[in-house]
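Below: one structure, written as structure tokens.
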Amino acid sequence: MTKNEKVTFVINTLNKLYPEIPIPLDHKDPYTLLIAVLLSAQCTDVRVNKITPLLFAKADNPYDMIKMSVEEIKEIIRPCGLSPMKSKGIHGLSHILIDKHNGEVPQSFEFLEELPAVGHKTASVVMSQAFGVPAFPVDTHIHRLMYRWNLTNGKNVVQTEKDAKRIFPEELWNELHLQIIWYGREYSPARGWNLEKDIITKTIGRKTVLEQYNKKAS
């Protein structure tokens with residue numbers, strides 16, 4: 001297969017598997033999405049979705065959030081891990097949203113990435129899922145799969161994102177990054193991986209990855 005044929009195969013396979021694409025993190029608006037994405041760092045979406053209702057019952061907007069202390073926020077979000085940093089980030093960014101952005105989440109990569117505890121990936125998720133701006137947030141699933149599929153040699157997520165944006169059509173980015181995440185969880189996980197179920201890697205996978213898998217399996 002040529003590179004273009006591989007890309008088409010990936011897109012078509014994902015569209016068949018995921019014609020409708022659920023957003024993994026529960027939220028009701030840009031602010032609650034921003035907080036949920038921030039909490040998801042080094043934490044599963046399932047756990048985040050259990051914690052956010054407890055947090056949002058007390059504060060689902062920046063004005064209510066700053067009425068809570070950092071310590072109170074920390075206690076609620078503790079199960080998500082990294083709670084000292086995340087609680088300071090949530091409290092700090094809520095203040096900035098009120099002071100600089102009239103309490104609204106800004107529709108700009110630049111302004112989002114200026115917020116405490118908000119990196120490029122978090123900003124990309126908010127821009128794509130809350131505002132519909134083309135972005136390709138790369139998480140561990142996408143990084144792993146792009147490498148397995150021989151579509152990047154990226155040693156880091158920055159390079160993987162560049163490659164993904166180069167080879168996939170821009171109008172598909174927002175759906176595609178979610179489809180790849182769901183596919184990675186269901187068919188091509190880091191642990192307990194069964195190549196027989198992973199039709200994409202089985203068909204277009206990097207030679208060294210397939211050889212390594214078969215060596216372990218034999």
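Things worth noting here:
- For the pair ALA217 and GLU113, the difference between a 0.36 nm per residue extended length and the Cα-Cα distance amounts to 33.1 nm.
- Span from the region 1-64 Cα centroid across to the region 70-92 one, whole angstrom: 20 Å
- Legend: residue pairs LYS67/LYS100; LYS16/LYS197; LYS155/LYS216; LYS58/LYS88, Cα-Cα distance threshold 21 Å; pairs beyond threshold, LYS155/LYS216.
- For the chain, the longest principal axis of the C-alpha atoms and the axis of helix 207-217 are separated by about 90°.
- By the compact-protein rule of thumb, 2.2 N^0.38 Å, the alpha-carbon radius of gyration of region 68-167 corresponds to a ratio of 1.26.
- Accessible solvent surface per residue of region 65-179, calculated while the other protein chains remain in place, 1.4 angstrom probe, Å²: 46 Å²
- Which label in (i) 13.4; (ii) 12.4; (iii) 10.8 gives the computed mean projected area of the Cα convex hull in nm²: (ii)
- Taking region 71-218 and dividing mean pair separation by its residue count, relative contact order in percent (alpha carbons under 8 Å, at least six apart): 16 percent
- Accessible surface of the chain [probe 1.4 Å, protein heavy atoms]: carbon and sulfur percent: 53 percent
- Against the main long axis of the alpha-carbon atoms of the chain, helix 173-186 sits at an angle near 70°.
The values are calculated or read from the model by the stated rules, or taken from the named source; none is laboratory data. Note that the coordinates shown come from a computational prediction; the quantities given were computed from them, not determined experimentally. Keep in mind that these areas ignore ligands, DNA and RNA; they rest on the heavy atoms of the full protein, side chains included. Shrake-Rupley method; radii C 1.70, N 1.55, O 1.52, S 1.80 Å.
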